[in-house]
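Below is one structure; the comments refer to it alone.
Taken together, the values in this text are just the output of simple stated rules run on the coordinates, not laboratory data. These numbers were taken from a predicted model, which means no experiment stands behind them. Don't worry about glycine lacking a Cβ; one is built from the backbone with ideal geometry, like all the others, and counts go over all protein chains shown.
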Amino acid sequence: MYQLTLSEELKSHCPEYRGAAVYAEVINTPFSEGLWQEIDIFTQELRANETTDGIKQQPAIAATREAYRRCGKDPSRYRPSAEALRRRLLRGLELYRIDTLVDLINLVSLRTGYSIGGFDADKIQGTDLCLGIGRAGEPFEGIGRGVLNIEGLPVFRDTVGGIGTPTSDNERTKMDVGTRHILAIINGYDGDTVRLQQAAEMTQELLKKYASSDGGSICYFE
């Protein structure tokens, strides 16, 4: 398992932060019909009960947006991924179908409001991951986004550099159909350990159902 820590700078800006990491052996597939049935059900419920203005009030999303402000980033220009996913659905658009692991992480993020980093663990360099704050000019290639300005964004770094922010993960460590080990990091800027545990266990259950996994192990950190 990985050693996950917080930089002193991040702690001072976001003292409420609590994180959970799920590490598991998996078999990825291009598409899972059962998983997409769950996504479709959530989509219908969201569109029936949520408004665009209400998204920002969801506790985990509101806390992540506040963390962005504290770290120096405008959350309306660089939206947390959980917020961006919900907004996409409310605009009447469908989620992108990437692969089962990515789609699974997106569903947990949609349900809980937590922005979740989903990484191919075999592509991470070293076993120490530290959550800090992005620096000016720090190189980071967001998945499908090209070079991303991560100055002022919370960012996990391995021994090479940044691998994930709440807005986008890095191309270098992204999952694909060949991924055999997943590391999913759930970012809880609201400090709610009960909801964080529920999100981690939800991730495990979906991995069991759709990724031929035993669910792996959970590590909590702060």
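Just Y17, Y189, Y96 to compare: in a GNM of the chain, with alpha carbon springs under 10 Å, which one fluctuates most?
Among Y17, Y189, Y96, the largest GNM mean-square fluctuation belongs to Y96.
Where is the GNM fluctuation largest for the chain (alpha-carbon springs, 10 angstrom cutoff): L107, L207, L90?
Fluctuation is largest for L90.
Rank these for me by crowding, V177, V108, V155, going from fewest to most other beta carbons within 10 Å.
Arranged by neighbour count, lowest to highest, V177, V108, V155 become V177, V108, V155.
What 222 nm value per residue comes from the helices of the chain, counting each DSSP H run with n ≥ 4 as -39,500 (n - 2.57) and dividing by all residues, nearest 500 deg cm²/dmol?
When only DSSP H runs of four or more count, the value is -11000 deg cm²/dmol.
Please list, in order, the residues from the range 106-140 whose amide nitrogen is less than 18 Å from a point placed 7 Å along the Cα→Cβ vector of T159.
120-131
Please work out the Cα center distance from the range 158-222 to the range 26-102, rounded to the nearest Å.
15 Å
Each label point is 7 Å from the Cα along the Cα-to-Cβ direction; what then is the distance between the points at R97 and E8, in nm?
5.1 nm
Give the label of the value calculated from the structure for semi-axes √(5λ) of the Cα gyration tensor in Å, choosing from [x] 24, 21, 16; [y] 27, 21, 16; [z] 30, 19, 15.
Label [x] holds the value from this structure.
With springs only between Cα atoms under 10 Å, which of S76, S212, S115 fluctuates most in a Gaussian network model of the chain?
Judging by the Gaussian network model, the answer is S76.
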